[in-house]
Amino acid sequence: MMKIIKTEIEKVLKFRSAYFVSLPEFQELFLEILVRESLFFSINAHNADIGYAIISKDGVLLEFYIDNKYMNESLVCFNKIIDDLDVKEIYCKSFDFQLLSCCLLNSFPYSVYGILYRDYVGSLIDEDSSIVMKKADISLSGFLLSQDSSIKELFETERQLSDFILNENVFLFYKENQFVGCGMVIKTHPEWNYCDLGIWVVPSKRGQSFGSQIILKLKDFAAQNYMIPSCGCGADNYSSQKAIEKSGFASRHKLIRFCVSHD
């Protein structure tokens with residue numbers, strides 16, 4: 001008999017590590033942030049835990065994994081989770097083949113939600129050495145919060161910004177003593193050496209390649225600190241896609257949103 005049991009994150013860490021290892025690319029920061037406020041479930045069958053699922057509080061399935069030994073039971077486990085936990089949507093990385101297969105076998109309608117950049121193929125611009133990169137401290141949070149509201153693309157709340165400044169790597173960028181934008185190098189997961197690069201450019205400075213220049217400097221910082229960088233943005237955020245690709249990143253992978261219908 002198969003059971004889905006609500007649990008705590010500590011109870012699924014072993015399976016989560018196996019899940020990360022099974023992926024050809026690493027986790028997406030956007031999803032990892034959602035995971036922190038989500039619900040955790042163990043999948044129990046054959047008198048043992050055989051996998052896990054993570055579902056946001058508004059019913060979005062974020063992760064699903066079944067141990068390789070029980071892979072042939074993936075679809076049955078998946079469908080039970082969908083039905084028993086009233087899943088409404090699924091966010092699936094296109095390189096998460098186990099989850100993707102279950103979604104496709106159910107013929108769920110889908111759309112591309114995000115563009116995931118994991119490959120670096122070489123910058124299309126020369127790096128501007130005159131752009132100065134300054135690490136932010138907590139005294140600069142007010143300055144960042146006073147910027148155009150679009151800066152909230154980088155952080156959702158004042159508390160989140162403070163956490164990023166205190167625990168991660170937040171930088172301000174200047175050209176000829178003028179503030180042109182900011183960027184972040186955020187570890188995707190504390191136990192792995194992968195990171196996500198996030199940028200914001202002052203609205204009056206957009207269209208002048210500052211976004212791409214900031215990404216280049218963040219990428220160099222990540223490499224110097226033994227981190228593997230990646231980027232991501234919304235599927236409809238064409239300006240960010242242009243800046244990321246001009247800096248040299250390329251996308252083979254997408255974040256797919258599947259919609260679930262409970263008839």
Hits in the stretch 1-54 (condition: in contact with a Leu (Cβ under 8 Å, 6 or more places away or on another chain) and of a type in the set (Ser, Thr, Tyr)) | Ser38
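From the list Asp58, Asp83, pick out the single residue that is farther than 30 Å from Glu156 by Cα and either part of a loop (DSSP other than H, G, I, E, B) or more than 24 Å from the chain's Cα centre (by Cα) (or both).
Among Asp58, Asp83, only Asp83 is farther than 30 Å from Glu156 by Cα and either part of a loop (DSSP other than H, G, I, E, B) or more than 24 Å from the chain's Cα centre (by Cα) (or both).
Report yes if Arg159 is over 30 Å from His262 (Cβ atoms), of a type in the set (D, E, K, R) and surrounded by 14 or more Cβ atoms within 10 Å (Cβ to Cβ), otherwise no.
no
Does the stretch 89-104 include one or more residues that are without any contact (Cβ under 8 Å) to a residue 40 or more places away in the chain, closer than 27 Å to Phe155 by Cα and not in a helix (DSSP H, G or I)?
Within the stretch 89-104 (the criterion being without any contact (Cβ under 8 Å) to a residue 40 or more places away in the chain, closer than 27 Å to Phe155 by Cα and not in a helix (DSSP H, G or I)), the answer is no, since none of the residues qualifies.
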Just give me the residues in the stretch 1-46 being under 21 Å from Glu89 (Cα atoms), among the aromatic types (Phe, Trp, Tyr) and in contact (Cβ under 8 Å) with a residue 60 or more places away in the chain, in sequence order.
-> Phe30
Any hit, the stretch 107-123, residues being basic (Lys, Arg) and loosely packed, with under 14 Cβ neighbours inside 10 Å = no
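Among the candidates Ile186, Ile165, which residue alone is in contact with a helix residue (DSSP H, G or I) (Cβ under 7 Å, 6 or more places away or on another chain), surrounded by 15 or more Cβ atoms within 10 Å (Cβ to Cβ) and closer than 30 Å to Phe64 by Cα?
From the options Ile186, Ile165, the qualifying one is Ile186.
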Residue check for Tyr91: among the aromatic types (Phe, Trp, Tyr) and out of contact with any Asp or Glu (no Cβ under 9 Å at 6 or more places or on another chain) | no
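Per-residue answers, yes or no, for (1) at pLDDT 95 or above; (2) within 19 Å of Val121 (Cβ to Cβ); (3) among the aromatic types (Phe, Trp, Tyr):
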position	(1), (2), (3)
Phe171	yes, no, yes
Val180	yes, no, no
Phe210	yes, no, yes
Ile214	yes, yes, no
Of these, Leu161, Leu154, which one is closer than 25 Å to Val35 by Cα, touching a Gly at 6+ places or on another chain (Cβ under 7 Å) and not small (Gly, Ala, Ser)?
-> Leu154
Ala18 fails exactly one of (1) assigned to a helix (DSSP H, G or I); (2) over 27 Å from Ser251 (Cβ atoms); (3) touching an Asp or Glu at 6+ places or on another chain (Cβ under 9 Å); (4) not hydroxyl-bearing (Ser, Thr, Tyr), namely (2)
Please enumerate the residues belonging to the stretch 214-240 that are in a helix (DSSP H, G or I) and either in contact with a strand residue (DSSP E or B) (Cβ under 6 Å, 6 or more places away or on another chain) or closer than 23 Å to Glu168 by Cα (or both).
-> Ile214, Ile215, Leu216, Lys217, Leu218, Lys219, Asp220, Phe221, Ala222, Ala223, Gln224, Ser240
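The values are calculated or read from the model by the stated rules, or taken from the named source; none is laboratory data. Please read these numbers as outputs of a predicted model, since none were measured by experiment. Cβ: placed from backbone, ideal geometry, glycine included. Neighbour counts: every protein chain shown.
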